[in-house]
Amino acid sequence: MAGGVALTASGCGLLGGSDDSGSTSSGSALEKPKIKVSIMPTIDVAPFHLAVQNGYFKAEGLEVETVDAASGDASLQKLQAGEVDIAYSSYTPFFIAKSKGNADIKFVSDASSAGPKSTEIVAMPGGAVKTVHDLAGKKIAITAQNTICDTLTKSVMRDNGVDFTKVTWVPFPFPQIGGAVKRGDVDAGFLTEPFITGSAKTNGTVPIIDTASGATQDFPTAGYGSLGKFTSANPKTVAAFQRAMLRATKESADRSKIEPLMVQFSKVDQATASLTALLTFQSTLDARRLQRVPDLLQQFGTITSKIDVASMIVPQASAS
């Protein structure tokens, strides 16, 4: 949601104007009280922003600095390069890195699953793409290949008997995809909220198909990952992060808490925020639910061998 924004948990203004969160953990008890987390400008990170602004990380003795990333793959690269301690990303790059043996990925918190109409393929009315059946061989804008963008798109195309093997995937950041569709740089684009609603208003794009449908209904979309060496050395720090995220995620069920964050960080107006379809926010990781992601990637040949998700999930902290 917050492209170009860097926030630090301690010292931030608080929603509601006062910190009534209470201290639940001493910073001195944490192995690493200051951490960096890479995020993307998507609505999935709304609970993260809520945790920062309401002082929930601070209450756990944790100071969190955010680092912006243009895509899930870019976020993962920052994690592998040691630039951040925890990375937000769609799940796809994490599993690809795991399958190639490039990184010992451990999941610390869930973020979201795809809600109805929260991820869609969009196009211009009267253009070459009017239905999902027109997508074969077309140019489709996504943030990057091997992310949730092309994974969900391939799935709905396959569900509808459409060949996705000759699609040309064109990389654009989410905020630029609607404009690329309008200019004709691409035939269609994959968008998540609030960019679906924002692009409809700004560029006149229209939905072609809900990518959270068919085999990908309620599909796990994104989460927070780290490296095994970090989670092993910093279990109290990881638990503090999990407790803050759990607390904020529960509050995120009330969209009145989320809409102001979209206005503040995504730079959309209040009318757009009120029309935005929300993803399903989640924080506690469920291995059986998450197993759907690598299993689908294996079906597409994106990864070549089965991955046991349970082995990648660190112990989950309960609410304090």
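Consider P294 against the criteria (1) assigned to a helix (DSSP H, G or I); (2) open to solvent by 10 Å² or more (accessible area, probe 1.4 Å): it satisfies all of them except one. Which criterion is unmet?
(2)
Given A273, A240, A244, A277, which one is open to solvent by less than 60 Å² (accessible area, probe 1.4 Å) and either in contact with a Lys or Arg (Cβ under 7 Å, 6 or more places away or on another chain) or of a type in the set (V, I, T) (or both)?
On the way: A273 fails: either in contact with a Lys or Arg (Cβ under 7 Å, 6 or more places away or on another chain) or of a type in the set (V, I, T) (or both); A240 fails: either in contact with a Lys or Arg (Cβ under 7 Å, 6 or more places away or on another chain) or of a type in the set (V, I, T) (or both); A244 fails: either in contact with a Lys or Arg (Cβ under 7 Å, 6 or more places away or on another chain) or of a type in the set (V, I, T) (or both).
Criteria check complete, one pass: A277.
Tally up the residues in the range 271-291 that are outside any loop (DSSP other than H, G, I, E, B) and over 21 Å from V108 (Cα atoms), please.
In the first step, residues of the range 271-291 are kept if they are outside any loop (DSSP other than H, G, I, E, B); the result is 271-275, 280-281, 287-290.
Going one step further and asking which of them are over 21 Å from V108 (Cα atoms), we end up with 271-275.
The number of residues fulfilling the criteria is 5.
For the range 298-311, state whether one or more residues are basic (K, R), on the phi < 0 side of the Ramachandran plot and not in a helix (DSSP H, G or I).
For the range 298-311, residues basic (K, R), on the phi < 0 side of the Ramachandran plot and not in a helix (DSSP H, G or I): present.
For the list (1) part of a loop (DSSP other than H, G, I, E, B); (2) open to solvent by less than 10 Å² (accessible area, probe 1.4 Å), I need the number of the one condition that K166 fails.
Just one mismatch for K166, condition (2).
Which one of these does S226 not meet: (1) crowded, with 22+ Cβ neighbours inside 10 Å; (2) touching a helix residue (DSSP H, G or I) at 6+ places or on another chain (Cβ under 6 Å); (3) closer than 21 Å to M40 by Cα?
Every listed condition holds for S226 apart from (2).
List, please: which pairs have Cβ atoms under 6 Å, are six or more places apart or on different chains, and start with a residue in the range 36-57 that is farther than 22 Å from G82 by Cα and end with one that is assigned to a strand (DSSP E or B) and among the aromatic types (F, W, Y)?
P47/F281
Name the residues in the range 247-270 that are buried (at least 16 other Cβ atoms within 10 Å of the Cβ), in a loop (DSSP other than H, G, I, E, B) and touching a residue at least 12 places away in the same chain (Cβ under 8 Å), would you?
Across the range 247-270, the qualifying residues are S252, S266, V268.
Quick check on my filter: what residues within the range 201-223 are surrounded by fewer than 18 Cβ atoms within 10 Å (Cβ to Cβ), part of a helix (DSSP H, G or I) and in contact (Cβ under 8 Å) with a residue 40 or more places away in the chain?
K201, G214, A215
List the strands (runs of 3 or more DSSP E) that sit entirely inside the range 74-157 and contain at least 1 residues that are closer than 22 Å to I303 by Cα.
In the range 74-157, the matching strands (runs of 3 or more DSSP E) lie at 86-90, 105-113, 139-142.
Among the residues of the range 167-192, which ones are of a type in the set (S, T, Y) and under 16 Å from the mean Cα position of the chain (by Cα)? I'd like the intermediate steps shown before the answer.
The initial filter retains those residues of the range 167-192 that are of a type in the set (S, T, Y), namely 168, 192.
Within the range 167-192, T192 is the sole residue that qualifies.
Restricting the range 178-198 to residues that are open to solvent by 10 Å² or more (accessible area, probe 1.4 Å) and modelled with pLDDT under 95, which is nearest to D134 (Cα to Cα)?
Step one: filter the range 178-198 for residues open to solvent by 10 Å² or more (accessible area, probe 1.4 Å), giving 179, 182-185, 187, 195-198.
Next cut, modelled with pLDDT under 95 only: 195-198.
Working: F195: 22, I196: 20, T197: 22, G198: 24 Å.
Applying the filter and picking the extreme gives I196.
When you go through L62, L76, L50 one by one, which is the residue that is buried (at least 23 other Cβ atoms within 10 Å of the Cβ) and farther than 26 Å from D254 by Cα? Step through it out loud before you land on a result.
Numbers: L62 fails: farther than 26 Å from D254 by Cα; L50 fails: farther than 26 Å from D254 by Cα.
Matching residue, one of L62, L76, L50: L76.
The values are calculated or read from the model by the stated rules, or taken from the named source; none is laboratory data. Given the structure is predicted, the values throughout are model-derived calculations rather than measurements. Reconstructed Cβ throughout: ideal geometry from the backbone, glycine too, with neighbour counts over all protein chains shown. These area figures cover heavy atoms from the full protein model, side chains too; ligands, DNA and RNA do not enter into them. Shrake-Rupley method; radii C 1.70, N 1.55, O 1.52, S 1.80 Å.
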